[in-house]
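The values are calculated or read from the model by the stated rules, or taken from the named source; none is laboratory data. Since this is a predicted model, take the numbers as computed values, not measurements. Every residue, glycine among them, receives a Cβ derived from its backbone with ideal geometry; neighbour counts consider all protein chains shown.
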Amino acid sequence: MTSISTLLFKTAMAGHVGAYKLSGGRIAGGGHADGKVVLLTTTGRKSGKTRTAPLMHFNHGDAVVVVGSAGGADHHPGWYHNLVAQPEVTVQLGREVRPVRARVAEGPEREELWAKIVDHAAQFGEYTKKTSRVLPVVVLDPR
């Protein structure tokens, strides 16, 4: 991304996060296949600052599942690198903020979750056609 594109993207994301927080998820909480957006807050692995990203999520028992798709980019999103470095993160679902521990699903668990994700939100399957990397499926377990 160019510096102008990066600035515009960051400004749009900040607006999205702000609208979600102010409205308890009623604004900026939908618009996806199943209308479920969660705010994931991580700690920057380099900066140490908190970072919040709005992400489509899926429920899996008591856990929340997100995908490190970055829209099919050839790199993992920054939030993914942050939670790998520091898996103790929080999610906000509506007005509720939950402490969670992140882990990357692997093997049969990942395959099962991936099938459900693509079944509910086909765009994730399309993202895999844009990149050679495996899109990480991240399980956010309650702590």
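The residues on offer are ARG98, ARG133, and the sole one that is assigned to a loop (DSSP other than H, G, I, E, B) and of a type in the set (D, E, K, R) is ARG133.
When the residues of region 64-76 are filtered to those that are buried (at least 20 other Cβ atoms within 10 Å of the Cβ) and not β-branched (Val, Ile, Thr), the one that is nearest to THR128 (Cα to Cα) is SER69.
Restricting attention to region 58-75 and to residues that are farther than 15 Å from ARG103 by Cβ, part of a loop (DSSP other than H, G, I, E, B) and not hydrophobic (A, V, I, L, M, F, W, C), the residue that is farthest from the chain's Cα centre (by Cα) turns out to be ASP74. Here VAL65, VAL38 are screened, and the one residue that is at pLDDT 95 or above and closer than 19 Å to GLN123 by Cα is VAL65. I'm trying to understand the selection: among the residues of region 78-111, which are among the charged types (D, E, K, R) and under 12 Å from VAL65 (Cα atoms)? ARG101, ARG103, GLU109, ARG110, listed by residue number.
Inside region 71-113, can you point out the residues that are more than 17 Å from THR43 (Cα to Cα) and modelled with pLDDT under 95? Selection gives GLY71, GLY72, ALA73, ASP74, HIS75, LEU93, GLY94, ARG95, GLU96.
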